[in-house]
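In what follows, a single structure is set out as structure tokens and then discussed.
Each value in this text was obtained by applying a stated rule to the coordinates, not by laboratory testing. Note that the coordinates shown come from a computational prediction; the quantities given were computed from them, not determined experimentally. All Cβ positions, even for glycine, are placed from backbone atoms using ideal geometry, and neighbour counts span all protein chains on display.
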Number of protein chains: 4
Amino acid sequence: MTTSDLSHEIELSPAFHDLDPMEIVWHGHYVKYLELARCALLQRFEYDYPQMRESGYAWPIVDMRLKYVRPVAFGQRLKVRASVTEWENRLRIDYLIRDACSGDKLNRAYTIQVAVDMRSREMCFVCPPVLWQRLGVAP
Amino acid sequence: MTTSDLSHEIELSPAFHDLDPMEIVWHGHYVKYLELARCALLQRFEYDYPQMRESGYAWPIVDMRLKYVRPVAFGQRLKVRASVTEWENRLRIDYLIRDACSGDKLNRAYTIQVAVDMRSREMCFVCPPVLWQRLGVAP
Amino acid sequence: MTTSDLSHEIELSPAFHDLDPMEIVWHGHYVKYLELARCALLQRFEYDYPQMRESGYAWPIVDMRLKYVRPVAFGQRLKVRASVTEWENRLRIDYLIRDACSGDKLNRAYTIQVAVDMRSREMCFVCPPVLWQRLGVAP
Amino acid sequence: MTTSDLSHEIELSPAFHDLDPMEIVWHGHYVKYLELARCALLQRFEYDYPQMRESGYAWPIVDMRLKYVRPVAFGQRLKVRASVTEWENRLRIDYLIRDACSGDKLNRAYTIQVAVDMRSREMCFVCPPVLWQRLGVAP
């Protein structure tokens, strides 16, 4: 399995309610775009939020970073690519947001999640095997 | 007990992230201001979200109306008053948002909630007595 | 022109970040769904937010009402229909949100907007002709 | 001037609409808390959003990182401290979110903003002197 298999790309356009007085997308709303791409990616592996819950693990985000390269305006069409890049001890997903027409890079980001056993409420220092099975990877 | 006893007023200022490209608060964000006032009111009667849950009832909003009289700008200081106006078959709360300085009326709204028994998942056609006890009213 | 010509329907699924602790969509987020359908409708008539601005008018929402019939859960597929139902003195849009599979009615809503002349900042008591031209209606 | 002079702390409680199905604050809403603290800090130096605009500069966020140490629940009282830690070529603000009662560290974050000349739309590689004047610092 190559890394490209662990990627997924969605397209979206910012909503009017995502714009700030500068008429660009307010920086905090990008976190929603990351989540939409992450959920679409994890859904493909049948390990989105409802399946996580069924598997007995919560996967809170413990680290998130966004680098804003260019602003995003109303009506602009975006491609948001999410790629799993770590899965052994934590689930790291990298994101790239580009303009769907020009291909211009607009934002780079990552999120890091760790598994929390929902019964003991304890954090797992190694990802539970269910993640590897779903992603089809070896630890 | 008079109706004024069933009222509560909070003060707040819109956040930068509540502004839209017209540099006024986006109309959907008022719903958050109503909720802040409603929660503060219900908290005073020890019947806010956690206590609702403990009492075995969820109280979903089934009807909501907002009338926007004047726009709200960044830095403006607001008073949001919430008043319980019905409690027999449903919980109706009326809201008045005013400019804290001038007293100008900015928005009028109401929300209507009904009790849902969390075990049976059935809607109650009469409010459960716990509401009346907490509010100190007779049905 | 029939009323059905002035309608538009979009499909969407609630995002994880739209859910509340009851695991249903928080009532305030529906306002975003209405806006997505309204913008898609107005875009079809080339009179969405950027064209409104170019035409010299802002169209603030002055009245909004939502009736919640059934809750919406994560993963549910929704159809949101927006229909222009008044255009003479004010722009009224009616909304119907249904489950895309079962067709069950989930929410009914309307929004009312009035034109504000962006130069004089005055409200128009009759809609400006640009609206009628774009919608292809007679006042 | 010491660094502590360039800090400001606010207190807040998460709203019900900030909670996710895990009954904790959804990770994206922390960005709003950072902004509330940043605006309060910059307001103290009379260089909040409206004054930035008047000075001819926009200050978009170009980099943001949040490290989530512990989850935040409804009703929890938070202290959010924002501190200016760089001002020469870019404006860096560091944040610490703690539980107001226990003092427990909940989140650490930073944001980096750069000045953009609103007339030329060009990014400034050195912060404009107006920032230093307002903050009372030497470059």
TODO: Could you give the size of the charge dipole of segment A:85-135 about its Cα centre, using +1 on the Cβ of each K and R and -1 on the Cβ of each D and E, expressed in debye and rounded to the nearest 20?
DONE: 80 debye
TODO: Work out, in µm²/s and without decimals, the Stokes-Einstein translational diffusion coefficient of the protein assembly as shown at 4 °C, 1.567 mPa s, Rh from Kirkwood over C-alpha pairs.
DONE: 51 µm²/s
Task: Cβ-Cβ FRET estimate between residue A:54 and residue B:86, R0 fixed at 30 Å, reported to 0.05 - done: 0.15
TODO: Treating only the Cβ atoms of Lys and Arg (+1) and Asp and Glu (-1) as charged, compute the dipole magnitude of segment A:5-129 about its Cα centre; round to the nearest 20 debye.
DONE: 200 debye
Open item on the list: Ordered shortest first, which distances in nm separate the 7 Å Cα→C-beta label point of residue C:126 from those of the other copies?
Closed with: 5.5, 6.0, 7.8
Open item on the list: In whole Hz and in residue order, list the ³J(HN,Hα) couplings for segment D:50-66 that follow from phi through the Karplus curve 6.51 cos²θ - 1.76 cosθ + 1.60, θ = phi - 60°; x for Gly and Pro.
Closed with: x, 6, 4, 4, 4, 6, x, 10, 9, 10, x, 7, 10, 7, 8, 9, 10
Open item on the list: What's the minimum Cβ distance from chain D to the axis relating it to C, in whole Å, and which residue gives it?
Closed with: D:21, 3
TODO: Taking chain B as the reference, fit the longest principal axis to its C-alpha atoms, fit the long axis of helix B:30-44 to the helix C-alpha atoms, and give the angle between the two in degrees, 0 to 90, nearest 10.
DONE: 50 degrees
Task: Entries in A:32/D:32; C:32/C:67; A:32/D:105; A:105/D:67 that, when Cα-Cα distance is taken, lie over 21 Å - done: A:32/D:105; A:105/D:67
- [ ] Partner chain Cβ atoms within 10 Å, averaged over the residues of C:125-133 - can you pull that number for me?
- [x] 0
- [ ] Could you estimate the translational diffusion coefficient of segment B:1-74 from the Stokes-Einstein equation, with Rh from the Kirkwood formula over C-alpha pairs, at 25 °C and 0.890 mPa s, in whole µm²/s?
- [x] 170 µm²/s
Open item on the list: Which of rounded, prolate or oblate describes segment A:1-128 when judged by the alpha-carbon gyration tensor and an a/c cut-off of 1.5?
Closed with: prolate
TODO: Express in % the proportion of alpha carbon pairs of segment D:54-139 at distances exceeding 19 Å.
DONE: 49 percent
Task: Label 7 Å beyond Cα on the Cβ vector: residue D:77 copy-to-copy distances, nm - done: 2.2, 4.9, 5.2
Task: Test item: D:28-35 mean partner chain Cβ contacts at 10 Å - done: 5
